Structures are given as C-alpha cells and as structure tokens.
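I have placed the structure first, in the form of structure tokens, so that the comments after it can refer back to it.
The values are calculated or read from the model by the stated rules, or taken from the named source; none is laboratory data. If you're wondering where the values come from, they're calculated on a predicted model, not measured in any experiment. Positions of Cβ are backbone-derived with ideal geometry, glycine not excepted, and every protein chain shown enters the neighbour counts. Each accessible area value is taken on the protein alone, full model and side chains, heavy atoms only, with ligands, DNA and RNA left out. Shrake-Rupley method; radii C 1.70, N 1.55, O 1.52, S 1.80 Å.
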Amino acid sequence: MKALIDKLRRDGRLRPAEYLRLIELADPSVSEYAARTARAVARERFGGGVFIRGLVEITSFCRNDCLYCGLRRSNTALVRYRLGEEQIAAACRAGHAAGFRTFVLQGGEDPALEDGRVERLVRRLRAEFPDSALTLSLGERSRDAYRRWREAGADRYLLRHEAADAACYARLHPADMSQQRRMACLSTLRELGYQTGAGMMVGAPGQTADDLAADLRFLERFRPEMVGIGPYLPQRQTPLADSPPGSADRTLLLLSLVRLMLPDALIPATTALASLLADGRERGILAGANVVMPNLSPPDVREQYAIYDHKLASGAEAADGLRELAGRLDAIGYRIDYARGDFRADL
Ligand code: 5AD
C-alpha cells in the first residue's frame with residue numbers, strides 16, 4: 001500500500017484497480033503515510049502557507065432538487081434569502097480590510113439571479129477590488145453567462161462534478177439533472193480561461209469505493225486547478241436525512257490522494273470536514289490541503305444557508321475569527337498566506 005502511495009507521488013497517476021485497493025483497504029497506518037507524504041508535497045510548493053478565501057453565500061434559492069442538499073427546492077421549510085449588491089460589496093469590503101484577497105460568491109441556482117445581474121456585480125467588485133481574485137460558484141449556467149462573467153473579471157469558478165460514475169450521480173440527483181451537462185459546464189469553464197474547481201462528497205448515500213475510484217480517475221484526467229472534497233453530512237429536511245455522515249478518515253485519505261495526484265492544486269480543508277471533526281480544518285491541512293474558506297456572509301443569513309445540519313459558521317470558520325484561525329494554524333506549524341494564491345503549475 002505504501003508503495004502505491006509512493007508511486008502516486010512519483011507518477012501522478014495509478015491504475016483504476018490501484019485506486020480501488022487504496023480506498024477499500026487503507027488502514028490507519030496507510031492513511032497516516034498518505035497524509036505525511038501529501039503534506040510534504042504541499043510544503044514543497046506552498047511552504048507553511050495556507051491561503052484564505054472569503055466566502056459570501058449570496059443566495060439560498062435553488063431551482064434544483066439534489067437529494068442530499070438542504071437548499072433543494074422541495075425543502076419548503078427553509079427560509080430563503082438573496083443578498084443585494086450592496087450587501088455583497090460590504091461583505092467583501094470587510095473581508096478586504098481583514099486581509100482577504102479572494103472572494104468566493106457562492107449560491108444555489110437562483111433563477112432570479114439573472115446573467116446580467118451577476119455580470120454587473122462582478123464588474124463592480126472587479127473595479128472595487130482590483131488586487132483580489134473573484135471566484136464564482138453559482139452552478140450550471142449557459143456558456144454565454146460564463147463568458148460574460150469571465151469578461152467582466154471573474155477569475156475562477158467552482159463547480160463540483162459531484163460524481164464521475166453515472167449511476168452514482170443518478171442516485172444523488174433527480175432525473176432532470178444531467179451529469180453530462182455538468183461535465184460540459186466544467187469543460188466550458190476551462191475553455192473560457194477560468195481556474196476551474198471540481199470535487200465530490202465522500203460517503204454520500206449509495207456511494208461505493210468504486211465510485212470514489214472513478215472520481216479519482218476523473219480528477220486525474222481533467223486536472224482541475226481546485227478540488228473541493230468534504231464528507232457527506234445529512235440535512236434533516238432532505239430525503240437522505242437518515243443516512244449517516246461520511247467517514248472523516250476516508251475523506252482525509254481522498255484529500256491526500258488528490259494532493260499526490262495534483263501537487264499544485266488548490267485544495268480546501270472544507271467547512272464540511274470542520275463541521276464533522278472539531279479539528280477537521282487542521283486535519284485537512286495535515287493531510288495536504290492548502291486553503292481555508294472562512295465565511296464572510298452577514299451573520300444573520302449564515303444559518304439559512306443550510307446545505308447540511310450543524311454547519312459551522314463562527315470561530316475560525318468565520319472571517320471575524322481570523323485570529324483564532326491564525327492561532328490554530330500556528331499550533332500545527334502553518335500560517336495564513338494572504339496572497340491571492342492563483343494556481344501556478346510547477347516549474
Ligand atoms: N453534505 C456535504 N456536502 C454537501 N454539499 C451539498 N449538500 C451536502 C451535504 N448534505 C456539497 C455539494 C455541493 C457543495 C456546495 O456542497 O458537493 O457541490
């Protein structure tokens with residue numbers, strides 16, 4: 001098993017059956033070896049620096065009905081909100097003053113958030129924060145929308161592929177969602193020059209080790225600049241409410257494998273991981289992550305962005321908790337890197 005990890009580090013790829021073996025059979029000593037190797041790779045690239053991204057959850061309206069997500073349209077119990085341009089700009093301004101140089105505008109697929117409205121928002125933030133990276137994470141939109149937003153100044157786009165195996169994707173999504181369309185969106189984003197993020201949940205209901213191996217093969221092929229990986233966490237108002245959370249250990253193993261495969265990638269220690277484990281952020285970084293995404297949304301709406309239960313929204317998960325974050329990083333030998341932190345391929 002350790003030989004497979006060394007091979008992944010050396011070649012950046014494994015055979016399908018080898019991924020599967022690692023996922024199915026890794027015991028704690030193998031996972032620890034993967035984490036140690038992955039963090040050495042991250043250290044070579046990024047020193048002890050961890051990039052911070054200010055997350056603004058701009059709308060909780062969503063036209064989709066993903067079975068796992070609390071923002072699904074069938075969740076009528078959820079109080080929905082949409083931030084106005086002023087509120088979003090104010091959140092970014094506070095973040096900028098605190099030192100953030102990347103803002104991530106994330107939201108459900110909100111039909112009222114028209115292409116032109118997002119375009120104006122991006123233009124405005126681009127003008128107001130010329131030294132900062134702008135990341136969008138607004139789901140599947142038309143090529144024309146993606147193009148307009150890119151031309152308005154957006155640099156990066158996060159769109160998790162969710163599942164590379166078609167059957168796995170179909171178990172987690174309603175029939176009116178298409179994995180092909182999602183993959184086409186990812187290709188379009190890449191073509192338009194976005195630094196592009198993909199990713200998946202670990203331990204989603206019905207997901208097998210084979211499915212995760214398929215995700216790794218997809219990531220190996222697509223080579224996204226950013227990869228978001230977090231545990232599945234149940235949300236009480238979804239059809240999958242009774243499914244147990246994904247395994248933290250398996251999430252960390254997958255994170256390490258992706259770091260070994262994509263040494264230069266920007267990989268967050270996700271809020272989902274930090275919500276599952278008290279030291280999840282630290283564990284993610286020690287497994288090879290190099291990004292954290294504190295929440296810049298107005299505090300009163302954070303609770304309403306209820307994609308899963310028990311989502312952390314304060315302390316080191318919040319922008320006002322940067323000092324706490326700095327302290328936690330310091331305790332494990334890391335520090336906040338305040339740079340924009342664009343993807344850079346190895347020399
Ligand atoms: N548990 C963990 N992650 C979730 N996401 C959505 N719902 C859940 C959940 N219940 C993830 C999806 C999505 C991202 C915004 O959050 O992967 O792409």
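Out of R53, R10, R73, report the one residue that is among the charged types (D, E, K, R) and within 22 Å of Y338 (Cβ to Cβ).
R53
Go through the residues of segment 281-297 one by one and say whether even a single one is farther than 29 Å from Q87 by Cβ, free of Cβ contacts under 8 Å to residues at least 40 places away in the same chain, assigned to a helix (DSSP H, G or I) and small (G, A, S).
Looking through segment 281-297, at least one residue is farther than 29 Å from Q87 by Cβ, free of Cβ contacts under 8 Å to residues at least 40 places away in the same chain, assigned to a helix (DSSP H, G or I) and small (G, A, S).
Residue by residue through segment 177-201, note down the ones that are more than 15 Å from the ligand (Cβ to nearest atom), in contact (Cβ under 8 Å) with a residue 40 or more places away in the chain and not small (G, A, S).
Here is the first cut: in segment 177-201, the ones more than 15 Å from the ligand (Cβ to nearest atom) are 178, 180, 184, 187-188, 190-195.
Subset that is in contact (Cβ under 8 Å) with a residue 40 or more places away in the chain: 188, 192-195.
Once the filter is applied, which keeps residues that are more than 15 Å from the ligand (Cβ to nearest atom), in contact (Cβ under 8 Å) with a residue 40 or more places away in the chain and not small (G, A, S), segment 177-201 yields T188, L192, Y194, Q195.
Of all residues in segment 41-73, which are touching a helix residue (DSSP H, G or I) at 6+ places or on another chain (Cβ under 8 Å), within 22 Å of G107 (Cβ to Cβ) and of a type in the set (V, I, T)?
Correct list: I52, V56, I58.
Of the numbered conditions (1) in a helix (DSSP H, G or I); (2) within 16 Å of the ligand (Cβ to nearest atom); (3) without any contact (Cβ under 8 Å) to a residue 12 or more places away in the chain, S275 fails exactly one; give the number of that condition.
It fails just one condition, (3).
Whether any residue in segment 1-22 is crowded, with 22+ Cβ neighbours inside 10 Å and assigned to a loop (DSSP other than H, G, I, E, B) is what I want to check. Write out each step before concluding.
Taking segment 1-22 as the starting set, the residues that turn out to be crowded, with 22+ Cβ neighbours inside 10 Å are 5, 8, 14, 19, 22.
From the residues that got through so far, the ones that are assigned to a loop (DSSP other than H, G, I, E, B) too are 14.
Yes, the conditions are met somewhere in segment 1-22.
List pairs: first in segment 73-87 and at positive phi and in a helix (DSSP H, G or I), second modelled with pLDDT of 95 or more and of a type in the set (D, E, K, R), Cβ under 9 Å, 6+ apart or cross-chain?
Final answer for the pair search is none.
Among the listed residues A163, A213, A170, which satisfies the condition of being of a type in the set (A, V, I, L, M), within 16 Å of the ligand (Cβ to nearest atom) and open to solvent by less than 10 Å² (accessible area, probe 1.4 Å)?
Answer to the selection: A163.
Of all residues in segment 208-231, which are in contact with a helix residue (DSSP H, G or I) (Cβ under 8 Å, 6 or more places away or on another chain), within 21 Å of A269 (Cα to Cα) and in a loop (DSSP other than H, G, I, E, B)?
The one that is in contact with a helix residue (DSSP H, G or I) (Cβ under 8 Å, 6 or more places away or on another chain), within 21 Å of A269 (Cα to Cα) and in a loop (DSSP other than H, G, I, E, B): P224.
Any residue that is within 16 Å of the ligand (Cβ to nearest atom), surrounded by fewer than 22 Cβ atoms within 10 Å (Cβ to Cβ) and of a type in the set (A, V, I, L, M) - is there at least one of those in segment 75-93?
Yes, segment 75-93 has at least one match.
What tally of residues in segment 216-242 results from selecting those that are more than 9 Å from the ligand (Cβ to nearest atom), more than 20 Å from F343 (Cβ to Cβ) and either in contact (Cβ under 8 Å) with a residue 40 or more places away in the chain or open to solvent by less than 20 Å² (accessible area, probe 1.4 Å) (or both)?
So the answer is 4.
What number of residues in segment 28-38 are open to solvent by 60 Å² or more (accessible area, probe 1.4 Å) and in contact (Cβ under 8 Å) with a residue 24 or more places away in the chain?
Total satisfying the criteria: 1.
Restricted to segment 14-73, and to residues that are aromatic (F, W, Y) and within 16 Å of the ligand (Cβ to nearest atom), which residue is farthest from the chain's Cα centre (by Cα)?
F61
Kindly provide the set of residues from segment 84-133 that are among the hydrophobic types (A, V, I, L, M, F, W, C) and in contact with a Pro (Cβ under 7 Å, 6 or more places away or on another chain), ordered by number. Walk me through it before giving the result.
Going through segment 84-133, the residues among the hydrophobic types (A, V, I, L, M, F, W, C) turn out to be 88-92, 94, 97-98, 100, 103-105, 112-113, 118, 121-122, 125, 127, 129, 133.
Hit for segment 84-133 is A91, nothing else.
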